[in-house]
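Colleague: Below is one structure. I have some questions about it.
The values are calculated or read from the model by the stated rules, or taken from the named source; none is laboratory data. Model, not experiment: these values are computed from the prediction. FYI the Cβ positions are ideal-geometry reconstructions off the backbone, even for glycines, and counts take in every protein chain you see. Protein only, heavy atoms only, side chains kept; ligands, DNA and RNA dropped before computing areas. Shrake-Rupley method; radii C 1.70, N 1.55, O 1.52, S 1.80 Å.
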Amino acid sequence: MTDAIMGGQKYCSGCATVLHKDAFQCPKCGAPQIVAGATGQKSKVMAVVLALLLGGIGAHKFYLGRVGWGIIYLLFCWTFIPSLIAFIEAIIYVTMSDQAFAQKYG
Ligand SMILES: [Zn+2]
């Protein structure tokens with residue numbers, strides 16, 4: 001019984017109702033559920049920061065689990081083209097809604 005709560009459920013951050021662990025929103029009070037550090041949840045802000053600061057070596061790609069792309073960025077970092085693409089990607093991440101970002105990279 002304890003395992004079921006630990007593994008498959010969580011408590012709402014707003015009203016403490018038991019929710020499914022992957023729930024994005026509480027059906028009772030409507031509070032959005034932010035699961036920092038949980039599996040399958042990547043921070044958009046973190047991806048933007050990495051793309052801007054270390055985008056030339058594909059840090060944001062590694063962060064988002066696109067390791068193959070990260071290696072390609074790393075191999076071509078001397079051309080500065082990855083830096084340029086990373087800058088554009090940072091803008092795309094910023095303009096993306098949190099939900100769209102979670103669906104694509106979460
Ligand atoms: Zn709630």
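Colleague: Taking amide H atoms as placed 1.01 Å from N in the peptide plane, list the residues 5 or more away in sequence, or in a different chain, whose amide H sits under 5 Å from that of Q9.
Modeller: Excluding prolines and chain starts, which carry no amide H, the hits are K21.
Colleague: Which of G70, G56, G30 moves most in a GNM of the chain, Cα contacts under 10 Å?
Modeller: G30
Colleague: No other cysteine beta carbon under 4.7 Å away is the test; run it over the chain and list who passes.
Modeller: C77
Colleague: Now a separate question. Tell me the per residue accessible area of the chain using a 1.4 Å probe; a whole number in Å² is fine.
Modeller: That works out to 67 Å² per residue.
Colleague: Still on this structure, please answer the following. For the chain, what is the mean residue ellipticity at 222 nm derived from helices alone (per DSSP H run of n ≥ 4: -39500 (n - 2.57); sum divided by total residues; nearest 500 deg cm²/dmol)?
Modeller: Estimated from H runs of four or more residues: -14500 deg cm²/dmol.
Colleague: Helix 81-95: angle to the longest alpha-carbon principal axis of the chain, degrees 0 to 90, nearest 10?
Modeller: 30 degrees
Colleague: State to the nearest 20 debye the size of the charge dipole of the chain about its Cα centre, where the only charges are +1 on K and R beta carbons and -1 on D and E beta carbons.
Modeller: Roughly 40 debye for the chain.
Colleague: Carbon-plus-sulfur fraction of the accessible area of the chain, 1.4 Å probe, in percent?
Modeller: Here it works out to 69 percent.
Colleague: Whose amide H sits under 5 Å from the amide H of Q25, counting only residues 5 or more places off or on another chain, with H placed in the peptide plane?
Modeller: Residues meeting the amide H criterion: Q33.
Colleague: Here is a follow-up. Relative contact order for the stretch 36-106: what is it in percent, counting Cα pairs under 8 Å that are at least 6 residues apart?
Modeller: 40 percent
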